[in-house]
Amino acid sequence: MKISIYVDESGTHDPTGDQPGSQFPIIAGYAARRCDWDKFCCKWKAVLDKYRAPYFHSRELRAAKAAIENNKKETRELKKNPYYGWKLKRINDFLIELAKVAAAGKKIPIAGAIRIPAFNRIKAKLEIDNPEKIQLGTDPYKYCMGEFFRVYHKETWLQWGDFEWPVTFFFDQNDNPEWQAALHEVFGAFQKKDSRMKEIVFANKKDAPHLPLQAADMLAYRIRQIAQNLSDNTFELEELDRILLKNLLQSAAKINPELSRFLR
């Protein structure tokens with residue numbers, strides 16, 4: 001038995017948190033047995049084929065939807081967008097069907113997050129109050145990575161107990177050497193305490209064996225949106241959230257029963 005965890009990130013384009021969508025970086029994905037991923041790939045591909053979509057990518061789908069909502073003129077970038085020209089109903093139906101596939105079965109959703117404004121405030125305070133012993137480094141994404149691996153331990157223990165199967169983490173391709181180095185550093189620190197964590201693999205989410213990365217993309221993107229909306233006091237639970245986040249909410253409700261209201 002082997003465990004594969006497919007992971008993607010959202011909002012990691014500006015470590016200062018100044019650019020839109022960068023205040024709440026998210027690293028998220030799903031853990032499942034290899035045999036469960038084989039079934040997932042067949043169902044996910046069936047939905048892609050049904051809608052004649054070459055792949056799923058949250059950012060491009062959102063750009064196509066925004067073009068409709070804001071009546072934007074065609075641009076070179078939009079012309080390359082595989083969803084450009086779709087009707088709103090087709091976009092929404094596509095999202096819902098894929099979310100049902102992502103949430104189905106016994107996959108464990110895992111998400112790590114950090115609030116960059118809070119990170120910066122704490123770091124600045126330490127630099128003033130305790131400059132000789134600063135506890136935070138300069139890379140907020142390392143802390144986001146650490147949160148992800150901490151949540152991995154907690155969520156898998158809740159669902160599988162002290163399992164002994166080897167775990168491989170598949171991350172979406174990232175050509176940034178600093179990102180890769182930081183990820184290997186944080187992974188290595190956790191691996192020393194957990195021998196089940198075997199390796200990190202970078203893969204292309206458009207390749208058939210790694211279609212689960214597209215589900216991780218959907219999860220990470222939506223959780224980042226929710227984090228931003230909660231901060232802005234504009235969050236409303238959507239049908240997509242009830243489907244996509246069902247397993248995550250069920251797990252959270254075990255700790256905080258008040259969250260069970262979102263499952264109704």
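Scan the range 73-92 and tell me whether some residue there is more than 18 Å from Leu219 (Cβ to Cβ), assigned to a helix (DSSP H, G or I), modelled with pLDDT of 95 or more and among the acidic types (Asp, Glu).
No: the range 73-92 contains no residue that is more than 18 Å from Leu219 (Cβ to Cβ), assigned to a helix (DSSP H, G or I), modelled with pLDDT of 95 or more and among the acidic types (Asp, Glu).
Which one of these does Glu185 not meet: (1) part of a helix (DSSP H, G or I); (2) of a type outside the set (A, V, I, L, M, F, W, C); (3) touching a Lys or Arg at 6+ places or on another chain (Cβ under 6 Å)?
If we test Glu185 against (1) part of a helix (DSSP H, G or I); (2) of a type outside the set (A, V, I, L, M, F, W, C); (3) touching a Lys or Arg at 6+ places or on another chain (Cβ under 6 Å), just (3) comes out false.
Residues to consider are Trp37, Trp44; find the one that is within 15 Å of Leu244 (Cβ to Cβ) and either at pLDDT below 95 or in a helix (DSSP H, G or I) (or both).
Details: Trp37 fails: within 15 Å of Leu244 (Cβ to Cβ).
Being within 15 Å of Leu244 (Cβ to Cβ) and either at pLDDT below 95 or in a helix (DSSP H, G or I) (or both) holds for just one of Trp37, Trp44, which is Trp44.
State all residues of the range 13-23 that are at negative phi and either surrounded by fewer than 20 Cβ atoms within 10 Å (Cβ to Cβ) or modelled with pLDDT of 95 or more (or both); if no residue qualifies, say none. Don't jump to the end; show me each part of the working.
The first filter runs over the range 13-23 and keeps only residues at negative phi, leaving 13-16, 18-20, 22-23.
Across the range 13-23, the qualifying residues are His13, Asp14, Pro15, Thr16, Asp18, Gln19, Pro20, Ser22.
Tell me, please, whether a residue that is under 21 Å from Ser4 (Cα atoms) and either in contact (Cβ under 8 Å) with a residue 60 or more places away in the chain or surrounded by 13 or more Cβ atoms within 10 Å (Cβ to Cβ) (or both) can be found in the range 80-98.
Looking only at the range 80-98, we keep the residues that are under 21 Å from Ser4 (Cα atoms), and these are 98.
Filter once more, so that each one left must be either in contact (Cβ under 8 Å) with a residue 60 or more places away in the chain or surrounded by 13 or more Cβ atoms within 10 Å (Cβ to Cβ) (or both): 98.
Yes; the residues of the range 80-98 include at least one that is under 21 Å from Ser4 (Cα atoms) and either in contact (Cβ under 8 Å) with a residue 60 or more places away in the chain or surrounded by 13 or more Cβ atoms within 10 Å (Cβ to Cβ) (or both).
Every residue, every condition in (1) closer than 30 Å to Leu158 by Cα; (2) touching a helix residue (DSSP H, G or I) at 6+ places or on another chain (Cβ under 8 Å); (3) touching a residue at least 12 places away in the same chain (Cβ under 8 Å), yes or no:
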| position | (1), (2), (3) |
| --- | --- |
| Val7 | yes, yes, yes |
| Thr12 | yes, yes, yes |
| Ile27 | yes, yes, yes |
| Arg33 | yes, no, yes |
| Trp37 | yes, yes, yes |
| Pro54 | no, yes, yes |
| Ser58 | yes, yes, yes |
| Lys65 | no, yes, yes |
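Go through (1) more than 16 Å from the chain's Cα centre (by Cα); (2) closer than 22 Å to Val201 by Cβ and name the single condition Ala31 misses.
With (1) more than 16 Å from the chain's Cα centre (by Cα); (2) closer than 22 Å to Val201 by Cβ applied to Ala31, the lone miss is (1).
Of all residues in the range 179-233, which are without any contact (Cβ under 8 Å) to a residue 24 or more places away in the chain and either within 19 Å of the chain's Cα centre (by Cα) or within 24 Å of Leu244 (Cβ to Cβ) (or both)?
Gln180, His184, Asp207, Gln225, Ile226, Asn229, Leu230, Asp232, Asn233
I want to confirm something. Restricting to the range 215-247 and keeping residues that are outside any helix (DSSP H, G or I) and of a type in the set (Asp, Glu), which single residue is farthest from Val47 (Cα to Cα)? I'd like the intermediate steps shown before the answer.
Keep residues of the range 215-247 that are outside any helix (DSSP H, G or I), which gives 232-238, 245.
Next cut, of a type in the set (Asp, Glu) only: 232, 236, 238.
Numbers: Asp232: 33, Glu236: 26, Glu238: 21 Å.
Residue satisfying both the conditions and the ranking: Asp232.
Is at least one residue of the range 168-181 modelled with pLDDT of 95 or more and in contact with a Pro (Cβ under 8 Å, 6 or more places away or on another chain)?
Yes, that holds for at least one residue.
The values are calculated or read from the model by the stated rules, or taken from the named source; none is laboratory data. Quantities reported herein were computed from a predicted structural model and do not represent experimental measurements. Here the Cβ is made from the backbone with ideal geometry for all residues, glycine too, and neighbour counts use every protein chain on show.
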